[in-house]
Amino acid sequence: MARYEIIGGNQLNGTVTISGAKNAAVAILPAALLVNGKCRVENVPDISDVRILLSILEDMGVVIQREPNGVVELDCTNIRNTNPNPELVCKMRASYYLMGALLSRFGKASVALPGGCSFASRPIDQHLKGFRALGAKVTETEEYVHLEPGENGLQGNRVSLDVVSVGATINIIMAACLLPGQTIIENAAKEPHIVDLANFLNTMGARISGAGTDTVKIRGVESLQGGNYAIIPDQIEAGTYLAAVAAAGGNVLVQNVIPKHMSCITTKLAEMGAKIINYDDAIRIQSDGKLHCTTVKTRPYPGFPTDMQAQICVCMVVAEGLSKLTESVYETRFFGYCSELERMGAHIEVIGKTANVTGRPKLRAADVVARDLRAGAALVIAGLTAEGVTRVSDIHYVERGYERLVEKMTALGANIRKVED
Ligand code: UD1
């Protein structure tokens, strides 16, 4: 068990470089299974979700070479085992992408149900609806999903999603890539990592158009060949550092970002009083830590991301006035961290999907528990602003998605260390 110990009160200054996007990496690495050859992927973040995924792929026979600078080479020519290790699969959420990739390349898949952060009920019915529409026979057991060709075989088709789902959109794109005919996904999600996954597959020879809009078309091809690809920067990691500077105060250049992906977040931080300057691939944020209240509603991209809900909540907690934070993607996401923030002195009243946050200038340090990835990141930000020593335990959640968090925060002047028990 490990924890972070944070002595709050320092402002953050300097430059931080954002890593490759977690949610793009965890889609692109399993998508390499579609490629009959070698893929060289750059900007792969060194986080625990990626390490688990690479172990799953290696166990299946993918030959993997990892360089220290975020480059991963995957050779998926000779897959010897199409049954991913269930113990590893259930350690993370995005392992569900193995279903779409294996179905497309090998016509069948048996994959354990995914694990990952459980801040809400996270069904995969839309993924399975998509596979069925493509002709798969889907058998669900308590622990597994089995996919095989149905009576009429596998082929492209029209799929209309009942809810806008990032995971289902990506999984159906992967599943359709190597099937005969055209697949059209309607009511698709538009997140930047969906576009990144489509760009990766197109670089390898796929024919996908419309990614980033609500209608994605995939014309099946016979096979994909290898190639090089660089993953986009992580929108949520960047947003987390921006929120940390806004709340703790300071002057930081957040580099290796795509400012357009960040505008839903920077607009709100500017509204709260932080000064934001956009460059081509960097954002400068300046804040004196004195923020004003605001109203935020999470929505699918290009709206304010649910994965930034907890971090913006900390900004609201230390801002002046009454803020309103409404969650519209996951109903129960507040419960992962609001009670922990209250132990640090925050005033948060959750009524249904909305948290009413009454700001107070200073939080006090406390021993708090990270219950999921973004909740943990929010508690780190809270610790940076609090008086005294905040101890955040269960940080394995945070390490799922933040590369070298302690090193990056320390370089900005934060007083944070990782303590192993
Ligand atoms: C992805 C992200 C996660 C983020 C979320 C929403 C990855 C690996 N994870 O998760 O960090 O919080 O998008 O931006 O990219 N739903 C269904 N049925 C389904 C699928 C989803 O009802 O089959 C519902 C979910 O319960 C949720 C909503 O749709 O209410 C959106 O979920 P979805 O976009 O699928 O999230 P994930 O892909 O799991």
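Can you tell me which residue in region 317-363 is surrounded by the most Cβ atoms within 10 Å (Cβ to Cβ), limited to those that are within 16 Å of the ligand (Cβ to nearest atom) and hydroxyl-bearing (S, T, Y)?
Result: Y337.
E148 - would you say it is assigned by TED's automatic domain parsing to the domain that holds N171, in a helix (DSSP H, G or I) and either in contact with a Ser or Thr (Cβ under 9 Å, 6 or more places away or on another chain) or loosely packed, with under 15 Cβ neighbours inside 10 Å (or both)?
Taking the combined requirement at face value, the residue does not satisfy it.
Check every one of the strands (runs of 3 or more DSSP E) wholly within region 63-117 and list those with 3 or more residues that are open to solvent by less than 30 Å² (accessible area, probe 1.4 Å).
Where strands (runs of 3 or more DSSP E) fall fully within region 63-117 and carry at least 3 residues being open to solvent by less than 30 Å² (accessible area, probe 1.4 Å), they are 109-112.
Kindly provide the set of residues from region 151-185 that are open to solvent by 70 Å² or more (accessible area, probe 1.4 Å), within 16 Å of the ligand (Cβ to nearest atom) and not β-branched (V, I, T), ordered by number.
Listed by number, the list holds a single entry, D162.
Against the conditions (1) surrounded by fewer than 24 Cβ atoms within 10 Å (Cβ to Cβ); (2) within 16 Å of the ligand (Cβ to nearest atom), where does G249 fall short? Just the number, please.
(2)
If we scan region 220-229, do we find a residue that is among the acidic types (D, E), touching a strand residue (DSSP E or B) at 6+ places or on another chain (Cβ under 9 Å) and either touching a residue at least 12 places away in the same chain (Cβ under 8 Å) or outside any helix (DSSP H, G or I) (or both)?
no
Results for (1) in contact (Cβ under 8 Å) with a residue 24 or more places away in the chain; (2) away from the ligand (no atom under 16 Å from the Cβ), shown as yes or no for each residue.
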position: E67; (1), (2): no, yes
position: G70; (1), (2): yes, yes
position: D75; (1), (2): yes, yes
position: A94; (1), (2): yes, no
position: Y97; (1), (2): yes, no
position: R105; (1), (2): yes, yes
position: L113; (1), (2): yes, no
position: P123; (1), (2): no, no
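Consider region 186-207. How many of its residues are within 13 Å of the ligand (Cβ to nearest atom), in contact with a strand residue (DSSP E or B) (Cβ under 7 Å, 6 or more places away or on another chain) and open to solvent by less than 10 Å² (accessible area, probe 1.4 Å)?
Total satisfying the criteria: 2.
Of the conditions (1) open to solvent by 20 Å² or more (accessible area, probe 1.4 Å); (2) polar (S, T, N, Q); (3) in contact with a helix residue (DSSP H, G or I) (Cβ under 7 Å, 6 or more places away or on another chain), T15 fails just one. Which one is it?
Answer for T15: the failing condition is (3).
Just checking, how many residues over region 18-46 are among the β-branched types (V, I, T), touching a helix residue (DSSP H, G or I) at 6+ places or on another chain (Cβ under 8 Å) and over 15 Å from R400 (Cα atoms)?
3
Out of the residues in region 40-62 meeting the condition of being in a loop (DSSP other than H, G, I, E, B) and under 12 Å from A25 (Cβ atoms), tell me which one is most open to solvent (accessible area, probe 1.4 Å).
Per the criteria, the residue is D46.
The values are calculated or read from the model by the stated rules, or taken from the named source; none is laboratory data. A quick note: this is a predicted structure, and the numbers were derived from the prediction, not measured. Every residue, glycine as well, gets a Cβ built from its backbone with ideal geometry; the counts of neighbours run over all protein chains shown. Each accessible area value is taken on the protein alone, full model and side chains, heavy atoms only, with ligands, DNA and RNA left out. Shrake-Rupley method; radii C 1.70, N 1.55, O 1.52, S 1.80 Å.
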